[in-house]
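Right, one structure below, let's go through it.
What follows draws every value from the coordinates through simple rules; no lab data is involved. None of these values were measured; they are calculated from a predicted model. In this analysis, Cβ positions are derived from the backbone assuming ideal geometry, glycine residues included, and neighbour counts consider all displayed protein chains.
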């Protein structure tokens, strides 16, 4: 057997091969190594490591997609799984710190100057501002300040605004501003009442489901489904079947669902402290069968198709070893104290500058090289390296270096093998052609 191949069995027992070098999946019985190698000579593409000179000196590599303002480290909720909670080893915790107007001004000016340069390179870039927390609505006057400053001083048309909120504090004046400036509003709601209220309570311990649901429906009516998103986070305490029934019976919530995520197990012993729902695995299989039968709820599609993105959104005959997001070309994230960070999801032990002094490109490149070294030393020989591309957030620790521990690596491997098995199970229904194009992984789900 070719050493580049990983053999996978679908849940029905059918055999497939995954060519990890060329990121290609085919039934074992149809796999033609000679044909694959011939096609690879024509189509194979690789990603390249960014040199220190290009990283530091070429402006084209400094292209931020958005400005993320972490307006406050405070929150009116105490969600059990929150990244700011004591559940996580390197959490910054909660505090009453909020971003000053001076820092807001400097962040806006800095981002505006970068935007003016970047739009000359890429005219399709939109001036985009994301409000984040803690709970950003605790600092609503500062949100008003930002949108009016952008409108009156920068005079940029069609600015994109987005906010992630727990939805508890929404009121008429807030919704009116969101409507005027066409905000995209993402509300965290964890499904049915019992599970939502288990994990998402106020600082005083009050349940929140009813108020969040009420506010969502008001917002939905005022903004329309195009501007409202639902983000669901779940852990092993949830009943997958109850979660499905909740979305099926609430189509307005279901059609707004944009992301379903499991509580992370990185830098935490969270799952050692929560009981697992007795029928969790059996109900997951039931949901899998619904997806297999083409159930049309957004929940079912997002639950499974998002997992398959690691396969379907990657080209065949493409090597992704160095396919890393650059610390200076993704999100221009500013914390409450004015430090600049790679992303709002990377813990704040890894600043790459501040709004007073600008970006420290040498420090940013040092972080980039940390992850490149992980990819070379720990990932390059792994048969899953084209599917598993850990990001800075998953590798952040105490601020010294980005790190990938063996235990974390094993969890990734187990998860991706399981995804491959599920994906191949869906491919069991595929009428495989004798010929395939260089991007054959794409669109397979659409044909089922």
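In whole Å, how far is the Cα centre of the range 169-208 from that of the range 337-375?
31
When the chain is modelled as a GNM with alpha-carbon springs shorter than 10 Å, which of 302, 411, 369 fluctuates the most?
So, out of 302, 411, 369, the one fluctuating most is 411.
Could you give the length gained by full extension between residue 403 and residue 14, i.e. 0.36 nm per residue of separation minus their alpha carbon distance, to one decimal place?
Here the segment from residue 403 to residue 14 would lengthen by 136.3 nm.
At 37 °C and 0.692 mPa s, what whole-number value in µm²/s does Stokes-Einstein give for the translational diffusion of the range 108-236, with Rh from the Kirkwood sum over Cα pairs?
For these conditions, the coefficient is 204 µm²/s.
For a test of the definition: using alpha carbon positions, the gyration tensor, and the 1.5 limit on a/c, classify the range 229-387 as rounded, prolate or oblate.
prolate
For the chain, what does the helix formula give at 222 nm: sum of -39500 (n - 2.57) over DSSP H segments with n ≥ 4, over the residue count, nearest 500 deg cm²/dmol?
-11500 deg cm²/dmol
Give me the log10 of I(q) over I(0) for the range 85-146 at q = 0.17, 0.23, 0.27 Å⁻¹, as the Debye formula computes it from C-alpha points; what are the numbers?
Log-scaled intensity ratios, in q order: -0.76, -0.99, -1.14.
Seen from all sides and averaged, what is the projected area of the convex hull of the Cα atoms in the chain, in nm²?
That works out to 22.3 nm², a quarter of the Cα hull's surface.
Hey, how much of the P(r) for the range 168-241 falls beyond 19 Å, as a percent of Cα pairs?
The answer is 39 percent, as a whole percent.
What ranking do 252-259, 37-44 get when scored by the average of other Cβ atoms within 10 Å per residue, highest first?
252-259, 37-44
Peptides 137-145, 71-79: what's the order by average Cβ count within 10 Å, highest mean first?
71-79, 137-145
Based on the Cα gyration tensor of the range 19-74, what are the three equivalent ellipsoid semi-axes, each the root of five times an eigenvalue, rounded to whole Å and given largest first?
For the range 19-74, the ellipsoid semi-axes come out as 41, 20, 8 Å.
Can you tell me the Rg and the Dmax, both Å, for the Cα atoms in the range 348-387?
Every Cα atom of the range 348-387 included, Rg and Dmax give 14.0, 44 Å.
Between residue 30 and residue 377, take the C-beta separation as r, use R0 = 25 Å, and let me know the FRET efficiency to the nearest 0.05.
About 0.10, to the nearest 0.05.
Which of rounded, prolate or oblate describes the range 157-203 when judged by the alpha-carbon gyration tensor and an a/c cut-off of 1.5?
In terms of gyration-tensor shape, prolate.
Ranking request for peptides 26-35, 322-331: highest mean number of other beta-carbon atoms within 10 Å first, then the rest in descending order.
The densest-packed peptide leads the list: 322-331, 26-35.
Enter the mean projected area of the convex hull around the alpha-carbon atoms of the range 70-177, in nm², rounded to one decimal.
8.1
For the range 171-320, just say rounded, prolate or oblate: build the C-alpha gyration tensor, square-root its eigenvalues into a ≥ b ≥ c, call rounded for a/c under 1.5, and beyond that prolate if a/b exceeds b/c, oblate if not.
Note, shape of the range 171-320 comes out oblate.
If you average the C-alpha positions of the range 1-24 and of the range 93-125 separately, how far apart do those two centres end up, in angstrom?
Comparing the Cα centres of the range 1-24 and the range 93-125, I get a distance of 46 Å.
Could you tell me the convex hull volume per residue, in Å³, taken over the Cα atoms of the range 368-432?
Hull volume normalised by residue count: 99 Å³.
With Rg and the Kirkwood Rh both taken from Cα atoms, where does Rg over Rh land for the range 2-99?
Result for the range 2-99 is an Rg/Rh of 1.24.
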